[in-house]
1. At 7 Å along Cα-to-Cβ for each site, give me the label-to-label distance between Thr162 and Glu10 in nm.
2. Which residues does the label zone of Glu28 cover in the range 243-277, counting backbone N under 13 Å from a point 7 Å along Cα→Cβ?
3. Given the -39500 (n - 2.57) contribution per DSSP H run of 4+ residues, what per-residue ellipticity at 222 nm results for the chain, rounded to the nearest 500 deg cm²/dmol?
4. Would you mind getting me the FRET efficiency between Asn113 and Val149? Use the beta-carbon distance for r and R0 = 25 Å, nearest 0.05.
5. Farthest toward the dipole's positive end in the chain, which of His208, Ser325, Ala161, given Cβ charges of +1 (Lys, Arg) and -1 (Asp, Glu) about the Cα centre?
6. Among Arg192, Arg462, rank each residue by its count of other Cβ atoms within 10 Å, from fewest to most, as a rough exposure measure.
7. Rounded to the nearest 20 Debye, what is the dipole magnitude of the chain about its Cα centre when Lys and Arg each give +1 and Asp and Glu each give -1 at the C-beta?
8. Fewest Cβ neighbours within 10 Å first, please rank Thr256, Thr211 accordingly.
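The numbers here are math on the coordinates, done by the rules we state, and not lab data. Source: prediction; values computed, not measured. Don't worry about glycine lacking a Cβ; one is built from the backbone with ideal geometry, like all the others, and counts go over all protein chains shown.
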Amino acid sequence: MENNSGTLLELQSRFGEDTFKQQQTRDEILTLWMPCNQLKEVLTFLKSAVPKPFRMLYDLAAVDERTRNKQHNGFPSAAFTLVYHLFSFERNEFVRLKVALSDEFPTAPSISNIWANANWYEREVYDMFGIKFEGHPHLSRILMPRTWVGHPLRKEHPARATEMGPFQLYDDKVDLEQAALQFKPEEWGLERQSEDSDFMFLNIGPQHPGTHGVLRIILQLDGEDIVDAIPDIGFHHRGAEKMGERQTWHSYIPYTDRVDYLGGVMNNLAYLLSVEKLAGIEVPERVKVIRVMLCELFRIASHLVWYGTFAQDLGQLSPVFYMFSDREKIFNIIEAVCGGRMHPNWFRIGGVAQDLPKGWEKLVQDFVDYFPKRLKEYDSMVMKNSLFKARTVGIGIFTLDEAIEWGVTGPGLRACGMEWDFRKKRPYSGYEMFDFDIPTAANGDCYDRAVVRVEEMRQSLRIIEQCLKNMPEGPYKADHPLTTPPMKERTMHDIETLISHFLSVTWGPVMPAGEAMSCIEATKGANGYYLTSDGNTNPYRVRIRTPSFPHMQMLPYISRGYTVADMLSILGAMDYVLADIDR
């Protein structure tokens, strides 16, 4: 529970009690409606003037309110709502600020001159909703093609391909699309030449092996030196948030698997923690420990992919084969427990799909016994390798203040010396019961980000071993009417229980009206779902806050002055997933 009364008093004493209207939410985060014309003043105050400031812009999103089934209860009547989530590390506290916008295509002031990472978030809101931000340096589409017609997260925009006409690609449309892909440096304020040389513009991607997916980066080069970089994202965008509006609360679970597609069940957990807050479900102790064990197995699996491909990016071919083999050992455990491997889709509202199978202890114990010596081998093979060090030490440096300014979380933040992990500082799913350390490093360069991740795998092993030794007895699902699907044994008592089970699975549960946000320490940083319910069988709005989106936005800032070869070190050390950026 947030201890946020002090924040409200500080805001009211500075701006007056009438400026804010407080809204009660299921997640108990301080939620305040405020006038649009005071937005920049209030946000500046919270970022830099208040004691223990809210230095991180955690997320910025919007909601199309026009078709929402709600009672306003004294809150502003809005066509659209802008939602700002800020976080204070010193207070260990979130605050949520809301601004009501009434026009069909409204405008709001840009805060990109207050937080650097607001730039992309505002572009995304413009792209998805058509809300313009006055004063934004380059307000253009970011996830959709520049030629796209409409704004996909507005309620009038179709949610399914069957609601649109058949796609046709005429010759003139081909020419239009090709012209839109042509990079024009002047649009981005980039010069084509300096006083003594011409700049070269180089495409890395969208099919370059170093981009780990379909990403395009346009580099402005002076010889081999990077003058500037423009990331071009959106190639993996599949409308994950839009799909959330058309699926039931239950049937949306497998879609979450595909966001950070290396994070597996961790995606399910981030979503379900928010759903369970909305429903008021408290899961059994056994469920918490099962979830933690599988999440930590996936943390190791994800880090192994990063470890091997990072070494490969820098010229080492062998490690990726060894590490993918070890990842297969984890997937064998996942497959035995869940039936699936990369996308197990195994967590459920209020619990997990089935209880752990017989023999799971031996599988996990064998891996816990096997893996430490492999990590030691990889230290010698990769971390102590002189060429690996030469390519990573002192490369891609950013400071702790810069990390917070750009919204960096996870290993990137801890590599700057900050001992911050949401599993420790804001425990969820029973993490407070486990004994583990938070690895940190001091220099904030590519090598230190690797040091942190390697040590994280050892800490994950500690957690898994504790799960193995201390697995509680009890049910694998909560005894709550909104747990989905309900316990199977209750279906055959009478026709009513059978009907109830049938409706719960097909239509899905009806979540109480309200909103809630989760925040977990995912493999790549802070991952959360901000869900809005208007008392229906499907979400009114699903907002996915992923770590990779702000991390990629920082790329130009941390790559200027380095070489093209260094760019691959910086990208590899970032450990992003394109679907995690694009959703």
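1. Distance between label points: 5.2 nm.
2. Zone members listed by number: 277.
3. On the way: 20 runs with 221 residues, N = 583.
Calculated from helices alone, the mean residue ellipticity at 222 nm is -11500 deg cm²/dmol.
4. Details: r = 31 Å, r/R0 = 1.22.
After rounding, the FRET efficiency stands at 0.25.
5. Ser325
6. Working: Arg192 11, Arg462 15.
The most exposed by this proxy come first: Arg192, Arg462.
7. Values: 64 positive and 78 negative charges, 267 e Å.
That gives a dipole near 1280 debye.
8. Working: Thr256 26, Thr211 19.
By the 10 Å Cβ count, ascending: Thr211, Thr256.
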